[in-house]
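Visitor: Here you go, one structure.
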Amino acid sequence: MKAFLKNYRQSPRKVRLVASLVKGKYVPEAIAQLDFLAKRSSFPIKKLLLSAVANAKNMGKEAEDLFIKELRVDKGIVMKRMMPAAMGSGHRINKRTSHITLLLAEKVMPVKKGKVEKNNKRTRTVLKKK
């Protein structure tokens, strides 16, 4: 249950901010968090996550039981460009890319147990304190 994204045109430092946010979370929770995140790299990481979930479904796994075991952002190729500067010189501009590796693992999500109370035509679950 792996998925890769090679040569994504954003610096690894910026992509790692989003990656560290969703690492270790369950898939539905990570997708919800990536939907509302105001970072450019959240959409490609979400797309990569959905690709890994599709790979897991081909193996017969349920999306609700999967969590992000590893989300690694490595340095990709660096394109070197020149910016004209004063007196005929030039400064180098590095256009960095990222390689993103996503690994999912299966762990059953814990279910909270409690007793059901009925009050005023509403049902609600009250959690037991330990």
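Visitor: May I ask you to list pairs of residues, at least six apart or on different chains, whose Cβ atoms are under 6 Å apart, with the first in the range 64-81 being more than 30 Å from Tyr26 (Cβ to Cβ) and the second being of a type in the set (A, V, I, L, M) and surrounded by fewer than 12 Cβ atoms within 10 Å (Cβ to Cβ)?
Guide: Arg81/Ile93
Visitor: Now a separate question. Just to be sure, is Lys80 modelled with pLDDT under 95, out of contact with any Leu (no Cβ under 9 Å at 6 or more places or on another chain), exposed (fewer than 10 other Cβ atoms within 10 Å of the Cβ) and of a type in the set (Lys, Arg)?
Guide: Numbers: modelled with pLDDT under 95: no; out of contact with any Leu (no Cβ under 9 Å at 6 or more places or on another chain): yes; exposed (fewer than 10 other Cβ atoms within 10 Å of the Cβ): yes; of a type in the set (Lys, Arg): yes.
It is false that Lys80 is modelled with pLDDT under 95, out of contact with any Leu (no Cβ under 9 Å at 6 or more places or on another chain), exposed (fewer than 10 other Cβ atoms within 10 Å of the Cβ) and of a type in the set (Lys, Arg).
Visitor: Does the range 88-100 include one or more residues that are in contact with a helix residue (DSSP H, G or I) (Cβ under 6 Å, 6 or more places away or on another chain) and either more than 12 Å from Ala3 (Cβ to Cβ) or assigned to a helix (DSSP H, G or I) (or both)?
Guide: Looking for residues that are in contact with a helix residue (DSSP H, G or I) (Cβ under 6 Å, 6 or more places away or on another chain) and either more than 12 Å from Ala3 (Cβ to Cβ) or assigned to a helix (DSSP H, G or I) (or both), one finds at least one in the range 88-100, hence yes.
Visitor: Please go through the range 86-97 and pick out each residue that is free of Cβ contacts under 8 Å to residues at least 40 places away in the same chain and either within 18 Å of Pro12 (Cβ to Cβ) or exposed (fewer than 10 other Cβ atoms within 10 Å of the Cβ) (or both). Spell out the reasoning first.
Guide: So the first thing to find is which residues in the range 86-97 are free of Cβ contacts under 8 Å to residues at least 40 places away in the same chain, and the list is 86-94.
Within the range 86-97, Ala86, Met87, Gly88, Ser89, Arg92, Ile93, Asn94 qualify.
Visitor: Next question. Quick check: anything in the range 16-24 surrounded by fewer than 16 Cβ atoms within 10 Å (Cβ to Cβ) and closer than 28 Å to Met79 by Cα? Walk me through it before giving the result.
Guide: Pass one, the range 16-24, residues surrounded by fewer than 16 Cβ atoms within 10 Å (Cβ to Cβ): 17, 20, 24.
Cutting the leftovers down to closer than 28 Å to Met79 by Cα gives us 17, 20.
Yes, there is a match, as at least one residue in the range 16-24 is surrounded by fewer than 16 Cβ atoms within 10 Å (Cβ to Cβ) and closer than 28 Å to Met79 by Cα.
Visitor: Further question: Going by the structure shown, is Ala52 farther than 16 Å from Met1 by Cβ and part of a helix (DSSP H, G or I)?
Guide: Working: farther than 16 Å from Met1 by Cβ: no; part of a helix (DSSP H, G or I): yes.
No; evaluated as a whole, the condition is false for this residue.
The values are calculated or read from the model by the stated rules, or taken from the named source; none is laboratory data. The shown structure was predicted, so the numbers you read here are calculated from the model rather than taken from an experiment. Cβ atoms come from the backbone with ideal geometry, glycine included; neighbour counts cover every protein chain shown.
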